[in-house]
Amino acid sequence: MKEPKQNEEKRGFFIRFLNVVEKLGNRLPDPFMIFVYLAIAVMIASFIFSLFNASVVHPGTGETLAIQNLLSWAGLQYIVTSMLENFTGFAPLGTVLAIMLGIGLAEKVGLLEIAIRKTILKAPRGLVTYAIAFVGIMGNIASDAAQILIPPLAAMVFYKIGRHPLAGLAVGFASAGAGFTANLLIVGTDALLSGISTEAAAILNDQIVVTPADNWYFNIVSVFVLTVVAALVTEKIIEPKLGKYEGDSVIDVDAEEHPKANKGLRNAGLAALAYLAVLALLIFLPGSSLRNEEGGLIPSPFLTGIVPVILGLFVVLAVAYGKTVGVIKSSKDAVGYMSESIKDMSGFIVLIFAASQFIAYFTWTNIGTWVAVNGAELLTQINFTGIYLIIGYILFTSMLNFLISSGSAKWALEAPVFVPLFMQLGYHPAFTQMAYRIGDSSTNIVTPLNPYFIVVLSFLREYDKKAGMGTLISLMIPYTLSFLVVWIIMFLIFFYTGLQFGPGITPFL
C-alpha cells in the first residue's frame with residue numbers, strides 16, 4: 001500500500017515542479033519583448049567579446065571567425081540594412097503562412113471538423129494519443145512542416161473528443177519535434193547528416209562512407225518506443241497537470257452535421273486521389289525534374305518543395321468539400337476564408353519580427369560557433385573514457401540546442417571535431433552520428449531558438465489567452481526528459497548487445 005502512495009507523492013512533486021516552471025516562465029515579459037531583450041543581450045555580449053579580440057577556428061572550413069561586434073559601425077550597418085531581410089527571409093515565416101492558408105481554408109469550410117467527427121470520434125479513445133504520437137514522429141517525412149501541421153490538428157482532435165486541447169497540442173509538438181530524427185523510412189535528414197559525417201570521417205580516413213541507411217534500424221525501433229513514451233507522458237503527466245479544459249468555447253460533439261457532409265467528404269476524398277495521382281505522374285514520368293539527378297527522391301526537388309505540395313492538397317480538399325456543402329460558391333469565398341485564417345496568425349507574425357532579429361544577430365556575431373567549438377574542446381579534456389564520453393557528448397549536444405537550433409548547422413560544426421575524435425577511440429562515424437541525433441532531437445521542443453516553438457506558442461494561445469512561454473516549456477519538459485532518458489537507455493542496449501544501428505553498422509570500426 002505504501003508504494004502507490006510514494007509514486008503519487010513523486011508524481012505530485014514533479015507536477016508541482018512543472019507548475020513552478022510555468023508560473024515563473026509566465027512572469028517573464030511578453031515573448032516579443034523577451035526576444036528584444038535577448039537581441040540587446042547579444043549586442044552587449046558581442047561588444048565584450050570584441051574587447052578581448054575573441055575568435056574561433058571553424059572545425060569544418062578551417063576559417064578563423066572573429067566575434068563581430070554589433071555595437072560597432074559595421075554592426076550598426078548590419079542592424080539597419082538587414083532588419084527587413086531578417087524578417088521576410090526568416091524561413092519558417094513563409095512555411096507557416098503558406099501551410100496555414102491551406103489548413104485555415106479546410107478549417108473554415110468545416111472539413112477538418114467533420115473529418116475528425118467521422119474518424120477520431122468513432123475510434124477507440126484509448127488509441128487516439130498513440131495515433132497522434134505515431135503520426136507526429138513519422139511526420140518528419142515532410143521535414144519541418146510536421147511541427148506546423150500536427151500540433152494544431154492534434155489540439156483540435158483532443159478538443160472534439162472532450163479532452164484538454166493543450167494536451168493534444170503538447171503530444172503533437174513533442175512527437176514531431178523531439179522525435180524528429182526517428183522514422184520507419186529513410187528520409188531527407190538521413191541523407192543530409194550522413195553526407196556531413198562522411199566528410200568529417202575523411203579527415204582521418206577517406207575510404208569510410210556513412211550512408212543514409214546507417215542509423216535506420218535504431219530509428220525504426222525508436223518510432224515504436226517513443227510512440228509509447230509520448231502517449232504515456234501525455235496521459236499520466238500532462239493531462240492530470242492540465243485538468244479539465246474550461247476555455248471560452250463549449251465542446252459539442254453531438255452537434256448536427258451538415259446534411260451534405262458525407263457527400264462533401266466523399267468528393268474531397270476523390271479530389272485528393274486525383275491530386276495525388278497527378279502528383280505521382282509528375283514524379284515518376286521519365287526525366288521528371290522533381291527527382292534528383294540519380295532518379296531518386298532523397299534528397300530531391302520534390303521533398304524540398306513539400307510545403308507547396310501540402311498547401312495544394314489542403315486547398316483541393318477544402319474546395320471540393322466547400323463546393324459540395326455550399327459554403328464556397330465562388331473564388332471570392334475561398335479567398336475570404338484564407339484571409340480569415342491569416343488574420344488568426346497576426347500575433348505570430350508580430351512575434352516573428354522580433355525573434356528573427358535576435359536569431360540573425362546571434363548568427364552574425366559568431367558567438368554560437370565560439371561557444372560550440374570551445375565547449376567541444378572542453379568536453380574532450382574531461383576525464384571521461386569509453387561510453388561515458390559518448391553519453392557526455394549526447395548531453396553536451398542537447399544543451400547546445402539552446403544556442404544553435406539548426407540540426408544540420410550544429411552537426412556541421414560538431415562532426416569535424418567529434419567524428420575524428422571518436423574514430424581514434426575506435427567508434428564508427430555512424431555511431432557518433434546517432435549519438436548526436438539523440439541529443440539534438442530531444443531538446444528541440446524546449447529551446448526558444450527553435451522557430452517552430454514560437455509557432456506552437458501562437459497555436460497554444462488560441463485555447464488559452466493567458467498562456468506564455470512558461471506554459472509551453474512546462475508542457476514540453478516531461479517529453480524532453482523522457483525521450484532523452486529512454487533514448488540513452490536504448491543507445492546503451494544497442495551498444496552492449498552489439499545490435500546493428502543500420503545495415504552492417506555496429507558501434508566499432
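The values are calculated or read from the model by the stated rules, or taken from the named source; none is laboratory data. Here the structure is a predicted model, which means the values were calculated and not measured. Cβ placement follows ideal geometry from the backbone for every residue including glycine, while neighbour counts extend to all protein chains displayed. What goes into the accessible areas is simple: the full protein's heavy atoms, side chains included, and nothing from ligands, DNA or RNA. Shrake-Rupley method; radii C 1.70, N 1.55, O 1.52, S 1.80 Å.
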Answer rounded, prolate or oblate for the stretch 170-310, using the Cα gyration tensor with square roots of eigenvalues a ≥ b ≥ c: rounded when a/c is under 1.5, else prolate when a/b is larger than b/c, else oblate.
oblate
One quarter of the C-alpha convex hull surface, i.e. the mean projected area of the chain in nm², amounts to 27.1
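Percent of Cα-Cα pairs more than 18 Å apart in the stretch 414-495, please.
Tail of the P(r) past 18 Å holds 55 percent of the pairs.
Whole number please: convex hull volume per residue, Cα atoms of the stretch 350-509, in Å³.
Residue-normalised Cα hull volume stands at 121 Å³.
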Using the Cα centre of the chain as origin and beta-carbon charges of +1 (Lys, Arg) and -1 (Asp, Glu), tell me which of P420, V96, S50 is placed farthest towards the positive end of the dipole.
V96
How much length is gained on full extension from A98 to A409, taking 0.36 nm per residue of separation minus their Cα-Cα distance?
109.5 nm
Starting from the 7 Å offset along Cα-to-Cβ, what nm value, one decimal, do you get for the label separation of I40 and E294?
5.2
Is any residue of the stretch 176-214 close enough, with backbone N under 16 Å, to a label point placed 7 angstrom from the Cα of V221 along the Cα-Cβ axis, and if so, which?
182-184, 214
Computing the accessible area with a 1.4 Å probe over protein heavy atoms, can you report the carbon and sulfur percentage for the stretch 309-467?
64
Fully extended contour minus Cα-Cα distance, from L184 to F284, at 0.36 nm per residue
33.8 nm
Placing each pseudo-label 7 Å from Cα in the direction of the beta carbon, L395 and K260 end up separated by a distance in nanometres of 6.2
Compare the peptides 71-82, 265-276 by average per-residue count of other Cβ atoms within 10 angstrom and give them in order, highest first.
265-276, 71-82
Prolate/oblate/rounded call for the stretch 310-437, Cα gyration tensor, a/c under 1.5 rounded:
prolate
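What is the ratio of the Cα radius of gyration of the stretch 291-380 to 2.2 N^0.38 Å, with N the residue count, to two decimals?
1.79
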Hey, can you grab everything whose amide H is under 5 Å from the amide H of A66? Only 5+ residues off in sequence or another chain; H modelled, so Pro and N-termini drop out.
V56
Positive-end residue, the stretch 127-238 charge dipole about Cα centroid, Cβ charges, pick of M156, F224, A191
M156
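Find out how many positive minus negative residues lie around I208, taking Lys and Arg as positive, Asp and Glu as negative, among other residues whose Cβ is under 11 Å from that of I208.
Local net charge: -3.
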Take the solvent-accessible surface of the protein heavy atoms, probe 1.4 Å, and return the percent of it on the stretch 141-204 that carbon and sulfur atoms account for.
67
In whole Hz, with x marking every Gly and Pro, tabulate ³J(HN,Hα) for the stretch 95-106 from phi via Karplus 6.51 cos²θ - 1.76 cosθ + 1.60, θ = phi - 60°.
4, 5, 5, 5, 5, 5, 4, x, 5, x, 4, 4
Efficiency by 1/(1 + (r/R0)^6): what FRET value for D344 and L425, r their Cβ-Cβ distance, R0 = 60 Å, to the nearest 0.05?
0.70
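Applying 1/(1 + (r/R0)^6) with R0 = 45 Å to the Cβ-Cβ distance of V209 and K244, what FRET efficiency is obtained, to the nearest 0.05? Write out the running numbers ahead of the final one.
Values: r = 55 Å, r/R0 = 1.22.
After rounding, the FRET efficiency stands at 0.25.
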Placing unit charges on C-beta atoms (Lys and Arg positive, Asp and Glu negative, everything else neutral), compute the dipole magnitude of the chain about its Cα centre in debye, rounded to 20.
1360
Result for the stretch 44-97: accessible area per residue, probe 1.4 angstrom, in square angstrom, of 60
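By how many nm would the segment from L127 to V309 lengthen if fully extended, with 0.36 nm per residue of separation less the alpha-carbon distance?
Here the answer is 62.6 nm.
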By the mean-Cβ-within-10 Å protection proxy, highest first, 52-59, 463-470, 179-186 rank as 179-186, 463-470, 52-59
Given a 1.4 angstrom probe, what's the average accessible area per residue across the stretch 181-231, in square angstrom?
39
Of the listed links K244/K343; K160/K244; K260/K343; K23/K241, those spanning more than 18 angstrom between alpha carbons are K244/K343; K260/K343
Taking only protein heavy atoms and a 1.4 Å probe, what accessible area per residue, in Å², does the stretch 300-378 have with all protein chains in place?
42
